[in-house]
Amino acid sequence: MINKIQKAREYAAEPERATFHSMTIEFRGDNSVYTLALGPDGWSCSCPGFQNYGICPHIMAMEKLFKPMLKRDPLPYAPGQNIVSDVKKAHRYSEEQERIRFIEFSAVFRGDNKDHQVTYQRGQWSSTSTFFKTHGVCPYTMAMERILKGMVEPIHLPTALEAE
């Protein structure tokens, strides 16, 4: 298990190994709590800005924060959008990660030997890794937990390993 924890640390230092395919996030904005989602058809957000312009500071913050893991072009600015204000707000939001809470996500993690699917749903982690199936954790889930620290429920490790 110690080797798996070390491998997770190494993987977490390379977030570009992960590719998000979908996610649902609770985002605490300045005025309200919004739900952001990324799926096959792209981004959505429940905020008024997204409803009006198809882009918002919440999504812009996610694009900035997770750029190496998204592997997609950022949304373009929209006519009529207050770009300067939204860019400033997105920058601030990307530094205030306590605003972000993952509800669920699906990602592929590129390991040294093969790719593994990692999913998270309301605190429950899973992976296609054989090690995960036998131990309930693996380097890929532990790396994602490190990358998303504070934005997801931590993976529960056996007590003796929590001090690692």
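Since every read-out is calculated from the coordinates, none of them should be taken as a lab result. Computed from a prediction, not measured in an experiment: that's the story for all the values here. Note that we place each Cβ from the backbone using ideal geometry, even for glycine, and neighbour counts take in every protein chain shown.
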With labels modelled as points extended 7 Å from the Cα through the Cβ direction, what inter-label distance (nm, one decimal) is found for His21 paired with Thr130?
-> 2.2 nm
Please give the residues of region 12-49, grouped as numeric ranges, whose backbone N is less than 15 Å from a label point set 7 Å along the Cα-to-Cβ vector of Arg92.
-> 28-32
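If each DSSP helix of 4+ residues adds -39,500 (n - 2.57) and the sum is divided by the residues in the chain, what number results at 222 nm, nearest 500 deg cm²/dmol?
Mean residue ellipticity at 222 nm (helix-derived): -10000 deg cm²/dmol.
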With the contact rule set at Cα under 8 Å and sequence spacing of 6 or more, what percent relative contact order holds for the chain?
-> 25 percent
Cα gyration tensor, region 24-101 - rounded (a/c under 1.5), prolate or oblate = rounded
Pairwise label distance in nanometres, Ser32 with Asp73, each label 7 Å out on the Cα-Cβ vector = 3.1 nm
Table column - 3J(HN,Hα) (Hz), region 67-77, Karplus curve with 6.51, -1.76, 1.60, x for Gly and Pro | 3, x, 9, 8, 6, 8, 5, x, 5, x, 5
